[in-house]
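Data first, discussion second: the structure below is written as structure tokens.
The values are calculated or read from the model by the stated rules, or taken from the named source; none is laboratory data. Just so it is clear, the structure is predicted and the values come from calculations on it, not from any experiment. Every residue, glycine as well, gets a Cβ built from its backbone with ideal geometry; the counts of neighbours run over all protein chains shown.
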């Protein structure tokens, strides 16, 4: 019996003996085979295909430069010095022209702002006198002082501004019409338009013809000169006449609008009176 017990113990020990299990990496499996990652990499396969060609070209360039430099005489040095001096002079002239153009543009811009403010002050003096005489009513005038206004003309897909424009604006308005002064570096435009449409800025102004244009230019002495559409030089006395004319245009347009509103009211009153008469006749 003891012999049989020992035999059973040996059999159980053989069964419980651990097996040798090979641990394989998770990503090592290929179709039909189990293989580990290759630890040797062919670096040549990752090199650019044209490396040898590039090296050959560089060697050829060095060789050509060496040969030509060795064989060249003083003419090449003179030629390169001349090209270099010409290039430096060109760049210097280019910077000078750009600086001059920016300076001239700034002079025209400053002159435009001064002229716009001067004309608007004259117009405001007329408006104050008229308001004092008539008080509040259809001819009461309100002023918006001159200021720089930036408008966005174009947006990109992200609603970011791509194209902008800047104007110097002032406005004098009755309850029905606005006189808009719009200036840029080239001059001043004057518009008369309905009050509600004046809020649309240049998008609405482009739909109206300006009643007057004043342009500026630089003379040979670097002084900004102003002129009318006909090319006549602008003088202080002419500025006063121009202000009177455009102010009169604003008042005339307002008069036409007031007359239209009165006629519309009277026609509505006549229609209502006629309808009442017809109603009483029908009832009787």
Test: residue in the range 108-125 that is in contact (Cβ under 8 Å) with a residue 24 or more places away in the chain and over 20 Å from residue 236 (Cα atoms): no
Test set (1) in contact (Cβ under 8 Å) with a residue 24 or more places away in the chain; (2) within 29 Å of the chain's Cα centre (by Cα) - residue 164 fails condition number: (1)
Complete set of residues in the range 197-237 that are in contact with a strand residue (DSSP E or B) (Cβ under 6 Å, 6 or more places away or on another chain) and surrounded by fewer than 11 Cβ atoms within 10 Å (Cβ to Cβ): 219, 233
Of all residues in the range 120-144 being touching a strand residue (DSSP E or B) at 6+ places or on another chain (Cβ under 7 Å) and part of a helix (DSSP H, G or I), the one that is nearest to residue 247 (Cα to Cα): 123
Filter result for residue 96 (modelled with pLDDT of 90 or more, assigned to a helix (DSSP H, G or I) and under 27 Å from residue 222 (Cα atoms)): no
Residue within the range 243-250 that is modelled with pLDDT of 85 or more, over 22 Å from residue 126 (Cα atoms), in contact with a strand residue (DSSP E or B) (Cβ under 9 Å, 6 or more places away or on another chain) and surrounded by 15 or more Cβ atoms within 10 Å (Cβ to Cβ) present: no
Residues of the range 181-196 that turn out to be in contact with a helix residue (DSSP H, G or I) (Cβ under 6 Å, 6 or more places away or on another chain) and either surrounded by fewer than 16 Cβ atoms within 10 Å (Cβ to Cβ) or under 19 Å from residue 257 (Cβ atoms) (or both), as a count: 3
Cross-chain or 6+ apart pairs with Cβ under 6 Å, the range 214-232 first and on the phi < 0 side of the Ramachandran plot, then surrounded by 10 or more Cβ atoms within 10 Å (Cβ to Cβ) and assigned to a loop (DSSP other than H, G, I, E, B): 226/234; 227/234
Test: residue in the range 256-277 that is touching a strand residue (DSSP E or B) at 6+ places or on another chain (Cβ under 7 Å), at pLDDT below 90, loosely packed, with under 11 Cβ neighbours inside 10 Å and over 21 Å from residue 119 (Cα atoms): no
Of the criteria (1) closer than 25 Å to residue 111 by Cβ; (2) at pLDDT below 85, which one residue 162 fails: (1)
